[in-house]
Amino acid sequence: MRGVEIMENNQKEKSEKQDYNHEFPLPELQKALYLIPVTLGDTPVMQVLPGYNHDVIVGIKHFIVENIRSARRFLKKVEKSIDIDQLTFYELNRHTDRKFISQYLNPLEKGQPVGIISEAGCPAIADPGADVVAIAQQKGLRVIPLVGPSSIIMSVMGSGFNGQSFAFNGYLPVEIPQRVKALKKLETKIYNDDQTQSFIETPYRNAKMIDTILSALKPQTKLCIAAGITTPDEFIKTKTIEQWKKEKSKIPDLNKIPAIFVLYK
């Protein structure tokens, strides 16, 4: 009987973890721009986002998003009962006319909270949401960043590299000569400034990026490949360029998996 009781308790705990429960009243939302992190892939919301984020999300009716369809999907993932039709979405991406961005904050200026949702990870970090945050700051509006996953930060955390001084460099040039030049420039910063350097690539070009890194950099330079962070496909390994060359066959197929490349000495 004791074994059955333990099993029932475990099942109850598992069930409770699958949904946000509310032992306390929902928080009173501030008149603020909330920066709402998103899962980095097909990851359970509860695994990477605190319950407080859920409570904030269900109280917001206006969202600035990079893609409306994926934002709706994320919101339903957070709370199945949310009524999408009662929400207003403002799309912000490379196609958005920048002169209209400030209008997205009109609800906030009228006293209603507004949320920013990125495609993945934290808004305003290597993300167009930074433009909205800048306007909010200029207008003297309150900005509240929420806790959530950031592949940029988590890749440095998992690399074993210098976390006191590091830089994220976005995308490197696509053309090989310019890419090699950019890589060597980053490598120089590593040795001269003792600064960790990171960058990303479009997933289908990850393999070519790895080939270029291995052929362009010094044997002793260290490379951390951090891919699929927080997902079932997560792969985070640090080796020297020389070691990676010998163990290249052990690198998984990253053709469809977002990855961050981190360099250090």
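Mind giving me the nanometre distance, one decimal, between the label points for residue 80 and residue 68, set 7 Å out from Cα along Cα→Cβ? Result: 2.6 nm between the two label points. Of the peptides 214-225, 77-88, 123-134, the ranking by mean beta-carbon count within 10 Å, highest at the top, reads 123-134, 214-225, 77-88. Among 212, 230, 162, whose Cα projects farthest towards the positive end of the dipole of the stretch 151-264, with charges put on the beta-carbon of Lys, Arg (+1) and Asp, Glu (-1)? Comparing the listed Cα positions along the dipole, 212 ranks first. The slack between residue 245 and residue 194, meaning 0.36 nm per residue of separation minus the straight C-alpha distance, is 16.0 nm. Label sites at residue 164 and residue 31, each approximated as a point 7 angstrom past Cα along Cα to Cβ, lie 4.4 nm apart. Among the listed pairs 76/208; 61/99; 218/246; 76/110, which have their C-alpha atoms separated by more than 25 angstrom in this model? Those over the limit are 76/208; 76/110.
Sorted into 10 angstrom bins from 0, the C-alpha pair distances of the stretch 151-264 split as 15, 52, 31, 2 percent. Report the calculated FRET efficiency for residue 218 and residue 256 (r = Cβ-Cβ distance, R0 = 35 Å), to the nearest 0.05. Given R0 = 35 Å and the Cβ-Cβ separation, E is 0.70.
Which one of 115, 130, 182 has its Cα pushed farthest toward the positive end of the charge dipole of the stretch 97-252, where Lys and Arg give +1 and Asp and Glu give -1 at the Cβ? Value: 182.
Label positions at residue 208 and residue 157, each projected 7 Å from the Cα along the C-beta direction, are separated by 3.3 nm. Rounded to the nearest 20 debye, the dipole magnitude of the stretch 151-264 is 320 debye, with +1 charges on Lys and Arg beta carbons, -1 on Asp and Glu beta carbons, and the Cα centre as origin. The residue 233 and residue 138 beta-carbon pair, evaluated with R₀ = 35 Å, returns a calculated FRET efficiency of approximately 0.30. Dipole check for the chain: with +1 at the C-beta of Lys and Arg, -1 at the C-beta of Asp and Glu, and the Cα centre as origin, the magnitude is about 1000 Debye.
All of the numbers you see were taken from the coordinates with simple rules; none came from a lab. For clarity, every value in this text was computed on a predicted model and none was experimentally measured. Quick reminder, even Gly has a Cβ in these numbers, built from the backbone with ideal geometry, and neighbours come from all protein chains shown.
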